[in-house]
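Participant: This is the structure, below, for whatever I ask next.
Quick note: the coordinates plus some simple rules give every number you see, no bench work behind them. Not measured: the values here are computed from a predicted model. Don't worry about glycine lacking a Cβ; one is built from the backbone with ideal geometry, like all the others, and counts go over all protein chains shown.
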Amino acid sequence: MKRVRDILTRKGNDVWSISPSASVYDAMKLMADKGIGALLVMEGEKLVGIISERDYARKVILQGRSSRTTSVEEIMTSRVAYAEPGQNIEECMAVMTEKRIRHLPVMEASQVRGVISIGDLVKSIIDEQKFIIEQLERYITS
C-alpha cells in the first residue's frame with residue numbers, strides 16, 4: 001500500500017505559499033503562474049491557513065468583494081486538515097472526501113514537507129492498480 005511519502009518522492013516537495021497579509025489578487029496570480037489550485041498560507045515557517053480557487057469564488061466573487069483590496073487572511077481556511085508522510089493513500093482520500101477538499105499539506109514534526117492533491121492520490125491509485133493488473137496478466141499467461 002502506497003504512502004504519502006511515496007507520492008512526495010515521485011512529485012517532489014515543492015510548496016507554494018503566500019503571506020496572510022497579501023492580497024487575494026496576488027494569491028490568484030501566483031496560483032495561475034504556477035498552475036496550481038491552492039496555496040499554503042504561511043507566517044515564516046508556520047502554517048496558518050490555506051487558500052484555494054474555491055475560496056476565491058465563494059468568498060470574493062460571489063460576495064462582490066475586490067481581490068485587490070481583500071487580504072488572504074480574510075478568506076483563507078484557518079483550520080487546515082493535513083496528512084503525515086506515513087499515512088496511506090486511502091486514509092487521505094477519505095479525509096479529502098469527507099471534508100470536500102482537494103489539497104492536503106503534508107506535515108511532519110510541525111514542519112510542512114509538501115502538498116498532495118486529489119489528483120496525486122487518484123494517479124497513485126491508478127498506477128498501483130495498473131501494476132497489479134500487469135502482474136496478474138503475467139501470472140495468467142505464464
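Participant: Loop only by DSSP, 16 or fewer other Cβ within 10 Å of the Cβ. Give me the chymotrypsin sites (Phe, Trp or Tyr not before Pro) in the range 9-103 that pass, ordered by residue number.
Facilitator: Sparse-neighbourhood loop chymotrypsin sites (Phe, Trp or Tyr not before Pro): Trp16.
Participant: Given Lys29/Lys123; Lys34/Lys99; Lys2/Lys99; Lys11/Lys34; Lys59/Lys99; Lys34/Lys130, which pairs have Cα atoms separated by over 20 Å?
Facilitator: In this structure, Lys29/Lys123; Lys34/Lys99; Lys2/Lys99; Lys34/Lys130 lie more than 20 Å apart at Cα.
Participant: Let me ask you something else. Under 5 Å between amide hydrogens, which residues at least 5 positions from Glu108 or on another chain qualify, with H placed 1.01 Å from N in the peptide plane?
Facilitator: It is Arg113, by chain and number.
Participant: Sticking with this one: With θ set to phi - 60° and the Karplus curve 6.51 cos²θ - 1.76 cosθ + 1.60, what are the ³J(HN,Hα) couplings of the range 120-126 in order, to the nearest whole Hz, using x for Gly and Pro?
Facilitator: The phi angles translate into 4, 5, 4, 4, 5, 5, 4 Hz.
Participant: Short version: what are the Cα gyration tensor semi-axes of the chain, square root of 5 times each eigenvalue, largest first, in whole Å?
Facilitator: Equivalent ellipsoid of the chain: 34, 16, 12 Å, largest first.
Participant: Next question. Label-point separation (nm) for Leu62 and Ile126, each offset 7 Å from Cα along Cα-to-Cβ?
Facilitator: Calculated label separation equals 2.9 nm.
Participant: Hey, another quick one. Using the Karplus curve 6.51 cos²θ - 1.76 cosθ + 1.60 with θ = phi - 60°, what ³J(HN,Hα) values do you get for each residue of the range 72-77, in whole Hz, with x for Gly and Pro?
Facilitator: Here the 3J(HN,Hα) series is 4, 5, 6, 10, 5, 8 Hz.
Participant: Given H placed on each backbone N at 1.01 Å, which residues far from Glu43 in sequence or on other chains put an amide H within less than 5 Å of it?
Facilitator: Answer set, sorted by chain and number: Val48.
Participant: Count charges around Ala81 for me, please; just the other residues with Cβ under 12 Å from its Cβ, Lys/Arg as +1, Asp/Glu as -1.
Facilitator: +1
Participant: Filter the trypsin sites (Lys or Arg not before Pro) in the range 24-99 down to the DSSP loop ones having no more than 16 other Cβ atoms within 10 Å, then list what survives.
Facilitator: Arg65, Arg68, Arg79
Participant: Right, something else. Which of these, Ala27, Ala38, Ala94, has the largest mean-square fluctuation under a Gaussian network model of the chain (Cα springs below 10 Å)?
Facilitator: Ala94
Participant: What list of ³J(HN,Hα) couplings, whole Hz, do you get for the range 51-66 from phi and the Karplus terms 6.51, -1.76, 1.60, once you set θ to phi - 60° and write x for glycine and proline?
Facilitator: Calculated HN-Hα couplings, in order: 10, 10, 4, 5, 4, 4, 4, 7, 9, 10, 4, 5, 9, x, 8, 9 Hz.
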